[in-house]
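S.K.: After the structure tokens below, expect a handful of questions from me.
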């Protein structure tokens, strides 16, 4: 066993010292620092000030016993390690969560799992071990059975996105569709008639939503998609899909990708094949990552702000775990950010003599 | 308060059932499942099989009380959220950690903090709250005071990299230098005489090590660096440094970057300025990320395998927390992977008429 120091050392301040300094009972100190009802705002402030001045902090295990909370939230990522490493979405989303948790002395418990079975085991362990007060339900799937699982486990959860059957769980939603629709109109306005879409993993709700938004917007402009290719969201998938599009019967003049890493890989694949971007093919990403800003040409992309999403999700889950309920949150929808990777369709370019 | 179901439901298997099925005492079941000494391998296997068949798992709080372990490890990232989001190193490193923890029912507790004060608070909280059995000490700094902090807290830790004063902590080391040295020789062999280096944050030990390796290798070839620019490791920093290099008195014919995201941003900045890569300027990254593989031209880079590093670190920290000691681990050093972003120096190219 590793050595461990006791957390209470001689002379260290105790709850008794805080109670005395604040002029209240020990019980009231406990209620105040644990955000329980029955304490006036003025008293709560006085207790916190006394605790701060004395350098006293409530012991977690004591807090856990008295409040039945663990002061931790859980995130389970069921993703291939390779995808986690290449996709900037989750690091940004987690940074947003941490920006809220760190100000409240809370921590994030993270599990990365490879398959459905390991995922279920992870949620069951978090509940059985009382590791966390609640979890984020991310990468929502059609008919997601994690909603029923959380109900069985009595575990609070927040949906990251919208589900047809939310099972009473609050949802923190950022609507992808307006950004995708705006991208299609942007390209159609530039004279593009042959639009292709490199979609994500069709098992994921948000991948399906983006794909449907693309298809509906293309139809609304009286067009038919040149091609739609499902992928696994990886850069390799984006490159392979792009190579297939170049070999297709009808070559698209514009390709939209379901995330920025695939768009970057697609851009590379086009350039490798000697295709000029945007002169011959326009490219649109999704996520609005820093990466999109630094390629050449810089990527037109759909900005979704995963950091703000993570922060809103954390606030909602904290509200849910402390009060038992929380309203849905609707964030500002994804929006198109145009850059140099999109331009007039080749036909229009020719007509203009450019 | 949110609803919570009790973890023991009527009819659920108990430790008594497991003991009966395995034909051993309750105490022996506890020793067996907690990996304590005094149990033969055969008995341990029999107990585990009985537990598996009955669907029984030891309760974490009971385990924690009996073993004084939390079955969790901690990682504190002191980084700007923007950098965490753009740098593929940590997601890959964490995926490596998780690949080991997930097979052992252990979890990772993650804190992302903005500054030194919040960082110290994070380690103190992890210890005071008994959240974790040990921590990874990453992003090592010159004269890192976290070594003394862990000693004060009695918290086991593993160094991710080498420190001059390791304070008795085991180190899991992946030597960056051979890869950087190989990159310099690769460029010098291609006729480059004007080599520039876009370094990382000089406060970080690994950024200093890579920079020194570059400077020593350049000197070993009888050359002087054209320029060395410190940055904050961000893509924006890489782009700005590249723009500055292009405006310098002497333009480099090859630029090495301290990570792949900066190299990608540098490639973009060069192409934006109309500089052909590698015809006019060769580009070298560092990390060997998937991203480097998908740009055009694909990046010559130094591969360091952060996933393997995370897995080795997790195994070492688990050994340390369960036995009290663990040997240093030296992983295969970083190695050069050449691709299309490096080519003959312009002078040599001209002489060869290419």
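S.K.: Between region B:88-157 and region B:178-247, what is the separation of their alpha carbon centroids in Å?
M.R.: The two parts, judged by their Cα centres, are 30 Å apart.
S.K.: Would you work out the relative contact order for region A:200-354, in percent, from Cα pairs under 8 angstrom that are 6 or more residues apart?
M.R.: 19 percent
S.K.: Now, a different point. For n ≥ 4 DSSP H runs only, could you compute -39500 (n - 2.57) per run for the protein assembly as shown, divide by its residues and tell me the 222 nm figure to the nearest 500?
M.R.: When only DSSP H runs of four or more count, the value is -14000 deg cm²/dmol.
S.K.: Now for a separate question. From other protein chains only, count the Cβ atoms within 10 Å of every residue's Cβ in A:71-79, then give the mean.
M.R.: 2
S.K.: A further question follows. Can you compute the FRET efficiency between residue A:276 and residue A:216 using 1/(1 + (r/R0)^6), with r the Cβ-Cβ distance and R0 = 30 Å? Round to the nearest 0.05.
M.R.: Efficiency, rounded to the nearest 0.05: 0.50.
S.K.: Taking Cα atoms, how many degrees apart are the long axis of helix A:235-247 and the longest axis of chain A, rounded to 10 and kept between 0 and 90?
M.R.: 20 degrees
S.K.: Still on this structure, I have one more. I want to check the label-to-label distance for residue B:185 and residue B:17. Put each point 7 Å from Cα in the C-beta direction and report it in nm to one decimal.
M.R.: With each label point 7 Å from Cα toward Cβ, the separation is 6.4 nm.
S.K.: In addition: When a/c is below 1.5 the answer is rounded, else prolate if a/b is larger than b/c, else oblate, so apply that to chain B with a ≥ b ≥ c taken from the square roots of the Cα gyration tensor eigenvalues.
M.R.: Verdict is prolate for chain B.
S.K.: Right, something else. At 7 angstrom along the Cα-to-beta-carbon line, where would the label on residue A:203 sit relative to the other copies? Give the distances in nm, shortest first.
M.R.: Result, one decimal in nm: 4.1.
S.K.: Of the peptides B:207-215, B:153-161, how do they stack up when ordered by the mean number of other Cβ atoms within 10 Å, highest first?
M.R.: Result, highest mean Cβ count within 10 Å first: B:153-161, B:207-215.
S.K.: Using only Cα atoms, find the angle between the long axis of helix A:260-272 and the longest principal axis of chain A, and express it within 0 to 90 degrees, rounded to the nearest 10.
M.R.: Taking Cα atoms only, the helix is inclined about 30 degrees.
S.K.: Okay, next question. Within 10 Å of each residue's Cβ, count the other Cβ atoms and sort A:242, B:240 from fewest upward.
M.R.: Listing A:242, B:240 from fewest to most nearby Cβ atoms yields B:240, A:242.
S.K.: While we're looking at this one, here's another question. Assuming a ≥ b ≥ c are the square roots of the Cα gyration tensor eigenvalues, decide whether region A:203-305 counts as rounded (a/c under 1.5), prolate (otherwise, with a/b larger than b/c) or oblate.
M.R.: Because its axes are fairly even, with a/c under 1.5, region A:203-305 counts as rounded.
S.K.: Could you pull the copy-to-copy label distances for residue A:23, with points set 7 Å along Cα to Cβ, in nm to one decimal and sorted shortest first?
M.R.: 7.2
S.K.: Given chain B, what percent of its DSSP beta bridges are antiparallel, to the nearest 5? Kindly include the intermediate steps, with their values, before the conclusion.
M.R.: On the way: 4 of 33 bridges.
Of those bridges, close to 10 percent are antiparallel.
S.K.: Using Cβ counts within 10 Å as a stand-in for footprinting exposure, how do A:15, B:97 rank, fewest first?
M.R.: On the way: A:15 18, B:97 26.
Ranking A:15, B:97 by Cβ neighbours within 10 Å, fewest first, gives A:15, B:97.
S.K.: Indicate the gyration tensor shape class of region B:90-143 (rounded, prolate or oblate), computed on the Cα atoms with a ≥ b ≥ c the square roots of the eigenvalues: a/c under 1.5 is rounded; otherwise a/b larger than b/c is prolate and the rest oblate. Display every interim value, and only then the final one.
M.R.: Details: a/c = 2.29, a/b = 1.38, b/c = 1.66.
Judged from the Cα gyration tensor, region B:90-143 comes out oblate (a/c at least 1.5, b/c at or above a/b).
S.K.: Restricting to bridges with both residues inside the protein assembly as shown, how much of the DSSP beta-bridge set is antiparallel, in percent to the nearest 5?
M.R.: 15 percent
S.K.: Need one number: the % of Cα-Cα pairs in the protein assembly as shown sitting beyond the 48 Å mark.
M.R.: Value for the protein assembly as shown: 22 percent of Cα pairs lie more than 48 Å apart.
S.K.: Additional query: Just checking the output field for B:257-263: average partner chain Cβ neighbours within 10 Å of each residue's Cβ?
M.R.: Values: counts 0, 0, 0, 0, 4, 1, 0.
If you average over the peptide's residues, the count of other-chain Cβ atoms is 1.
S.K.: A further question on this structure: Residue by residue through B:141-150, how many Cβ atoms from other chains fall within 10 Å of the Cβ on average?
M.R.: 0
S.K.: Still on this model: Kindly rank B:264-276, B:308-320 from highest to lowest mean number of other beta carbons found within 10 Å of each residue.
M.R.: The packing order, highest mean first, is B:308-320, B:264-276.
S.K.: Turning to a different aspect of this structure: Relative to the longest principal Cα axis of chain A, at what angle does helix A:306-323 sit, 0 to 90 degrees, rounded to 10?
M.R.: 30 degrees
Bear in mind these aren't lab numbers, they're just calculated from the coordinates by the rules spelled out. Computed from a predicted structure; not experimentally measured. Glycine also receives a Cβ, built like all others from the backbone with ideal geometry; neighbour counts cover every protein chain displayed.
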